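Structure first, then comments.
The values are calculated or read from the model by the stated rules, or taken from the named source; none is laboratory data. Since the structure is predicted, the reported quantities are computational estimates derived from the model, not experimental observations. Cβ placement follows ideal geometry from the backbone for every residue including glycine, while neighbour counts extend to all protein chains displayed. Ligands, DNA and RNA are excluded from the accessible area calculation, which covers all protein heavy atoms including side chains. Shrake-Rupley method; radii C 1.70, N 1.55, O 1.52, S 1.80 Å.
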Amino acid sequence: SVPYVAGLFPQPQTGYLLMAAIFGVLGAIPYLLLFFGIHERFADRPVSKAPFGPRQWGETLVSVLRNRPFRYAVGIFLTSWVTINLVASLFQYYLTYPMQMPGEVEIVLGLLQASALIFTAVAVLLATRWGKQQTYVVGAVWLMVIVLALTFLLPNAQTVVFALALLAGFGVAVVQVTPWSMVPDVMEVDELATGQRREATHYGILTFAQKGGTALALALMQAVLALTGYVAGAQQTPGVLLAIRLMMGPVPALLLAASAVLALRYPLTRERYAEVRAQLAIRRSAAPDPE
C-alpha cells in the first residue's frame, strides 16, 4: 500500500510523490488507449437533445427509469458499491480493535488489492462464458461467505486474515467489474424503446445513486460507532467491538444477498440482449444514410 511504500524512503514525502506519479501514469493509460484506439461513428446513432430545465429533466428521468433492466442494474450497482465502500471504510477499525492487528493493515489491504487485480481477468473470462448474471451471483455469494467469516474470527488470527484477504479478491473483482459491464447493455434496451442514445443520463443517475447510497451508509456507520461509545485510540468497549464485527460481516452480507437476488431476477439475459441487438441492427440498417 501507499503508506508502506512511503515508509521505505528516508523522506516519506519522496515515497508519496513517487506513488502519486505511478498512479497518475497508470490512471492516464486507459484514457489514452480509449482516445487513440476507439473511432466512433456519430452519424448512425441518434442522440437525445432534450431541452434543459427542471420539467424536461424530470420527464427524462421518468422515461429512463421506465427501463426495467436499468432499474435492476442500478440496484445491483448500488448494493455492490455500498458494500465495497462500507467494508473498505471499516477495515482499519476491524483490524485495529477486534482483531488487534493494527500493524498489519497495509499488508492485508495490499494482499486484497493484488488478489482483486489478478482476479479481474478471471471475472471477465467467467462473464464471457457463463453470462454476467451467473458470474455476479457466484462472486457475490463468495464475498458474502468471506465477510461472514470475518465476524467470528478470534483476535490475532493473522494467517486466517491473510488467507481470507487473498480469497476475497475474487469476490471483490466480480462485484466491482460486473455491474459496470451491465450498464451499457441496458442502454441498448433504451435505444430500442425510445430511438435515442442517452448514455449521459444513465450514467448520471447511476453515479448519483452510488454516491448518495455510499454517503448515507458511511454516515450511518459513524453514527453507530458514536452511539456505541467509540473513542479513537482508546481501548474499546464490548459494544463497540460487536458493532464493528456486525457492520463488517452481517450488514455487508445482507447487502450482497440483496444484490444477488436482483442479479438472479435481472431481466436482460444473454438471449434477450442478443434479440435487442438484432432488432437494433435491423432498425439501423433500414434507416436512411445521413448526409
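At a glance:
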| quantity | calculated |
| --- | --- |
| Tally of residues being touching a residue at least 40 places away in the same chain (Cβ under 8 Å) and within 20 Å of the chain's Cα centre (by Cα) across region 233-266 | 18 |
| Residue that is modelled with the lowest pLDDT, among those in region 134-191 that are over 25 Å from Leu262 (Cα atoms), open to solvent by 40 Å² or more (accessible area, probe 1.4 Å) and in contact with an Asp or Glu (Cβ under 9 Å, 6 or more places away or on another chain) | Gln158 |
| Near pairs, Cβ below 6 angstrom, 6+ apart or cross-chain, from region 55-75 (at pLDDT 75 or above) to any residue that is basic (Lys, Arg) and open to solvent by 70 Å² or more (accessible area, probe 1.4 Å) | none |
| Unique match (being surrounded by 13 or more Cβ atoms within 10 Å (Cβ to Cβ), farther than 30 Å from Gln134 by Cβ, aromatic (Phe, Trp, Tyr) and modelled with pLDDT under 85) among Phe52, Phe9, Phe42 | Phe9 |
| Residue match in region 193-200 (condition: assigned to a helix (DSSP H, G or I), under 18 Å from the mean Cα position of the chain (by Cα) and either over 17 Å from Trp81 (Cβ atoms) or at pLDDT 90 or above (or both)) | no |
| Flag if Gln222 is modelled with pLDDT of 90 or more, closer than 16 Å to Gly75 by Cα and open to solvent by 10 Å² or more (accessible area, probe 1.4 Å) | no |
| Residue match in region 250-260 (condition: open to solvent by less than 60 Å² (accessible area, probe 1.4 Å) and in contact with a Pro (Cβ under 7 Å, 6 or more places away or on another chain)) | no |
| Filtered residues of region 210-234 (kept if among the hydroxyl-bearing types (Ser, Thr, Tyr) and in a helix (DSSP H, G or I)) | Thr214 |
